[in-house]
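Report on one structure; see the data block that follows.
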Amino acid sequence: MPIQSSLLRIPEEAVAAEDARPYLKDFVYWLRDFLGEIANDPNDIDPSTGIPLFEASQISFLSEALREVNEHEHFENVVALIDRAMAESLSSHGLEGVQLNWKLSNINFWLERFIGERTAKLLERLLASIDALLKSLLGAVGAGHAIEELKEAVLNSITLVTE
């Protein structure tokens, strides 16, 4: 089944760092589910090229790597760190106000486009949007980078089409 992730919740109004926590936690769980969807169906075809979105020899690692990340509770650890993070740290990493809304909006924008047209180029843009928020979040909470590196491995598994 192709990727069908739901859109992320975005605050109706810009929120302070303290009130951003639920949206940040939702993002972490959304990312876990999004990567799980890719792991469950890594054989999507790019309609613009007619070839698979991912190199089979590379994306085949995702399922087991995701299992390890889940086994070590990396996603849950980041969520716990969000609760303990200083508001000043969240703020200094752009995880409040319009900056947060913009990062979430970018992810939703590229997710909607990717769901409508599953091209490698749109997936790259979606992953870049995810990366912007993920790097800010991991920096703010002082988490390890296993989740970021897992996302990078997915990006590096996208089939390269040369013209």
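The values are calculated or read from the model by the stated rules, or taken from the named source; none is laboratory data. For clarity, every value in this text was computed on a predicted model and none was experimentally measured. Note that we place each Cβ from the backbone using ideal geometry, even for glycine, and neighbour counts take in every protein chain shown.
From the list Arg32, Arg21, the lone residue that is surrounded by 17 or more Cβ atoms within 10 Å (Cβ to Cβ), basic (Lys, Arg) and closer than 17 Å to His93 by Cα is Arg21.
Looking only at residues of the range 54-87 that are without any contact (Cβ under 8 Å) to a residue 40 or more places away in the chain and loosely packed, with under 11 Cβ neighbours inside 10 Å, we find that the one that is farthest from the chain's Cα centre (by Cα) is Ser57. Of the residues making up the range 132-155, at least one is surrounded by 19 or more Cβ atoms within 10 Å (Cβ to Cβ), farther than 21 Å from Val15 by Cβ and touching a His at 6+ places or on another chain (Cβ under 6 Å).
Restricting the first member to the range 135-146 and to residues that are over 12 Å from Val79 (Cα atoms) and without any contact (Cβ under 8 Å) to a residue 60 or more places away in the chain, and the second to residues that are in a helix (DSSP H, G or I) and of a type in the set (Asp, Glu), the beta-carbon pairs closer than 8 Å and six or more apart or on different chains are Lys135/Glu148. How about the range 106-128: which of its residues are within 23 Å of Ile82 (Cα to Cα) and touching a Ser or Thr at 6+ places or on another chain (Cβ under 9 Å)? Selection gives Asn106, Ile107, Asn108. Of all the residues that make up the range 39-65, how many are of a type in the set (Gly, Ala, Ser) and more than 17 Å from Ala153 (Cβ to Cβ)? Here the count works out to 2.
Right, Ser91: at pLDDT 95 or above, of a type outside the set (Lys, Arg), crowded, with 16+ Cβ neighbours inside 10 Å and farther than 27 Å from Pro52 by Cβ or not? The answer is yes for Ser91.
When the range 132-148 is filtered for residues that are outside any helix (DSSP H, G or I) and either in contact with a Gly (Cβ under 8 Å, 6 or more places away or on another chain) or small (Gly, Ala, Ser) (or both), the ones remaining, listed by number, are Gly142, Ala143, Gly144. Find the residue count for the range 1-51, including only residues that are touching a helix residue (DSSP H, G or I) at 6+ places or on another chain (Cβ under 7 Å) and part of a strand (DSSP E or B). Residues flagged as touching a helix residue (DSSP H, G or I) at 6+ places or on another chain (Cβ under 7 Å) and part of a strand (DSSP E or B) within the range 1-51 amount to 1.
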